[in-house]
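First comes the structure, then the notes that go with it.
We did not get these values from a lab; they are worked out from the coordinates using the rules stated. What you see is a predicted model, and the numbers here were worked out from it, not measured in a lab. Neighbour counts are summed over all protein chains in view; Cβ atoms, including those assigned to glycine, are modelled from backbone coordinates with ideal geometry.
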């Protein structure tokens, strides 16, 4: 997969990781995705720093979507405001898979989010979203 | 991640009701591929998340403060949404108090079908897992209105307490009468928690 706007994706990752170190973020991402993320630590570091145009190990859109959900869950855990979590999540997804697929996934979130009035409901929604994208 | 049922706060709820709730939850899992989890959802009652691939299980998240009776209602309501084909891939159904526009119409339709399924009027997948006592017209009429509903529940609980105290329950263990009483109490508890299931029209005479 080719990252379409490395700087924007990097900024989004930096915002969503809150106070976590990059290593702490990567550990948490592997934990949340139950080790199913086909992405090595060095590549994740480069994505977070905006230093790569090609995420070498991300072969499938499914992996991108898992990473998107996981990063948004981290944002919720780090007490990032709900609106920011959504905005930055959209930027990440669009950066990874391009706007058409991002819009497809995000359409549901855009319609669903106004009905989820607090962080706990958003987090539960993201966890369930991630679960259905995890390999069976 | 969302919790399993065992992590929910323990409430003073009837064992029969909890068993019925568990049976319905397993039925939903096995027949409709709905995996249920529990999590704090704030003002939201439940979420049904549908995957892109129809072969994969759907995810139902219920607020962890919901009682067993409320959870039973959510299962029947979700089964109605699925029967109506509302579980479109990548579309989330949110159950909360303030549905608007197209959502309100969808929820109203599901509510009507859920009521019909509950009283075993619709030939739905879920009907087989509901208590046989739901075919009782007498019970249905008694639970239709708030006043008679409260009175019926109170009377059923009184009969149960009396039966336990006098030892009749032990003597009649596994008899049709005790089974009927247990099921009737479950049904009364669920309709009290979700009056929209009552047959007295919208809101069930609330």
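Which residues, counting only those in the stretch A:28-52, are free of Cβ contacts under 8 Å to residues at least 12 places away in the same chain, surrounded by fewer than 17 Cβ atoms within 10 Å (Cβ to Cβ) and farther than 17 Å from residue A:69 by Cβ?
Residue satisfying the conditions is A:42 alone.
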Taking the stretch A:124-136 as the region of interest, how many residues are at the interface with chain B (Cβ under 8 Å from one of its Cβ atoms) and under 21 Å from residue A:78 (Cα atoms)?
6
Name the single residue, out of those in the stretch B:48-65 being assigned to a loop (DSSP other than H, G, I, E, B), in contact with a strand residue (DSSP E or B) (Cβ under 8 Å, 6 or more places away or on another chain) and more than 12 Å from residue B:32 (Cβ to Cβ), that is farthest from the other protein chains (Cβ to nearest Cβ).
B:64
Pairs needed: first member in the stretch B:82-95, facing chain A (nearest Cβ under 9 Å); second member anywhere, surrounded by fewer than 14 Cβ atoms within 10 Å (Cβ to Cβ); C-beta distance under 7 Å; at least 6 residues apart or different chains.
B:90/B:52
Considering only the stretch A:88-104, state which residues are free of Cβ contacts under 8 Å to residues at least 12 places away in the same chain and away from chain B (no Cβ under 13 Å).
A:99, A:100
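Is it fair to say residue A:107 is within 14 Å of chain B (Cβ to nearest Cβ), free of Cβ contacts under 8 Å to residues at least 12 places away in the same chain and not in a loop (DSSP other than H, G, I, E, B)?
Working: within 14 Å of chain B (Cβ to nearest Cβ): yes; free of Cβ contacts under 8 Å to residues at least 12 places away in the same chain: yes; not in a loop (DSSP other than H, G, I, E, B): yes.
Yes; evaluated as a whole, the condition is true for this residue.
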